[in-house]
Amino acid sequence: AVCSLPACLYFVYELVGNAAFIGVSMILFGTALNMYVYKKIIPVYTRVQVSRDQRSRVMNGLIKTIKAIKLQMCEPLWRMRVERAREEELSNLKSANYWSAFNQFSGTVASLAVPVSIFTWYTVYEQKTLDPTVAFTVLAWINQMQWSINTLPGMFNLYAQLTPSCNR
């Protein structure tokens with residue numbers, strides 16, 4: 001999948017010349033952006049795991065001592081503890097989901113920027129006419145690359161989710 005990128009880029013270069021390098025730069029820019037977001041996501045997922053652990057500890061303490069809590073009428077105190085732990089967990093989950101969504105969005109925009117930048121460079125800067133044969137052939141080669149380009153943000157998200165767990 002990712003290994004097919006060089007072959008596809010070579011054939012795109014054969015068709016549009018230097019405009020293919022603009023496409024490569026868009027791929028590299030998108031990958032760099034995804035790596036930046038990935039580095040921001042790892043601490044967020046670590047906080048999610050810590051807050052889940054904290055909530056689990058509070059819930060386990062509640063369940064183990066429920067009789068004593070009922071006898072001493074400490075339900076409001078324990079309810080506040082559980083709600084506080086859950087609110088922290090939800091806040092961290094929301095932040096993680098926002099970062100993950102931004103990573104997917106940036107990957108999608110980067111994959112759309114590849115053909116747009118290639119065709120823009122080819123027609124505006126090189127002053128060549130884009131005929132249907134070149135356009136659809138380049139789009140076919142870009143379509144071959146599309147899966148590889150689109151899976152990169154997902155791979156970064158998956159790695160960001162697994163890294164904190166593996167480090168524990």
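What the table below lists for this structure:
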quantity	calculated
Residue 45 vs. criteria open to solvent by 40 Å² or more (accessible area, probe 1.4 Å), part of a helix (DSSP H, G or I) and of a type in the set (Ser, Thr, Tyr)	no
Check on residue 33, modelled with pLDDT under 85, of a type outside the set (Ser, Thr, Tyr) and either assigned to a helix (DSSP H, G or I) or surrounded by 14 or more Cβ atoms within 10 Å (Cβ to Cβ) (or both)	no
Among residues of the range 89-111, those that are more than 29 Å from residue 27 (Cα to Cα) and open to solvent by 90 Å² or more (accessible area, probe 1.4 Å), counted	0
Residues (out of contact with any helix residue (DSSP H, G or I) (no Cβ under 6 Å at 6 or more places or on another chain) and aliphatic (A, V, I, L, M)) located in the range 109-143	109, 112, 116, 124, 135, 139, 140
Filtered residues of the range 60-80 (kept if open to solvent by less than 60 Å² (accessible area, probe 1.4 Å) and part of a helix (DSSP H, G or I))	61, 62, 68, 69, 78
Any hit, the range 80-99, residues being within 19 Å of residue 161 (Cβ to Cβ) and of a type in the set (Phe, Trp, Tyr)	yes
Pairs with Cβ under 7 Å, 6+ apart, first in the range 81-99 and within 16 Å of residue 60 (Cβ to Cβ), second open to solvent by 80 Å² or more (accessible area, probe 1.4 Å)	89/52
Per-region count, the range 112-122, residues open to solvent by less than 70 Å² (accessible area, probe 1.4 Å), of a type in the set (A, V, I, L, M, F, W, C) and closer than 14 Å to residue 12 by Cβ	3
Residue within the range 123-130 that is open to solvent by 20 Å² or more (accessible area, probe 1.4 Å) and either in contact with a Leu (Cβ under 9 Å, 6 or more places away or on another chain) or at positive phi (or both) present	yes
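The values are calculated or read from the model by the stated rules, or taken from the named source; none is laboratory data. What you see is a predicted model; the values in this text were computed from it and never measured. Quick reminder, even Gly has a Cβ in these numbers, built from the backbone with ideal geometry, and neighbours come from all protein chains shown. Accessible surface is based on the protein model in full, side chains and every heavy atom, while ligands, DNA and RNA are left aside. Shrake-Rupley method; radii C 1.70, N 1.55, O 1.52, S 1.80 Å.
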